[in-house]
1. Per-residue counts of other Cβ atoms within 10 Å, averaged by peptide: what ranking do you get for 58-66, 70-78, highest first?
2. Hey, rough spin-label estimate for Asp97 and Val31, points 7 angstrom out along Cα→Cβ, what's it come to in nanometres?
3. Please list 3J(HN,Hα) in residue order for the range 38-49, calculated via the Karplus relation 6.51 cos²θ - 1.76 cosθ + 1.60 where θ = phi - 60°; whole Hz, with x for glycine and proline.
4. Could you sort 96-106, 44-54 so that the peptide with the highest average Cβ count within 10 Å comes first and the rest follow in order?
Amino acid sequence: MADESPSLVGASPNGGKKKTTTAAPANIERVTPPAISPRLLTLEQAAIYLGVSEWTVNDYTLSGLLPVVDLPPLRPREGAAPKRSLRRVLIDIRDLDAFIDARKRNAE
């Protein structure tokens, strides 16, 4: 049998104190912020917008069909080499709309 102190057997982890929760007053209204639709989209979001795979959007950007937005980094971390741009690929939604409009054709 383990040698246990009687004062620790069955004790609650918070020292025997009851946790009390307080509810928010009923007269306070929760305000939800307005939805923001981003202008710059990730590869995944652009793929969903176009209805294609992320790989297809990546191929469009690598081939120059879709321009990407290069955001400058704020500052390099201590000891790190300075970078020209962020690694994240962002695509302007207006460029996606122009891409779609340029490829419209009449059904034959």
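Every number here is computed from the coordinates shown, using simple stated rules; none is lab data. Computed from a prediction, not measured in an experiment: that's the story for all the values here. Glycine also receives a Cβ, built like all others from the backbone with ideal geometry; neighbour counts cover every protein chain displayed.
1. On the way: 58-66: 14.0, 70-78: 9.0.
Peptide ranking by packing, descending: 58-66, 70-78.
2. In this crude label model, Asp97 to Val31 measures out at 3.0 nm.
3. Values per residue, Gly and Pro as x: x, 7, 9, 10, 7, 4, 5, 5, 5, 5, 5, 4 Hz.
4. Working: 96-106: 10.0, 44-54: 15.3.
The densest-packed peptide leads the list: 44-54, 96-106.
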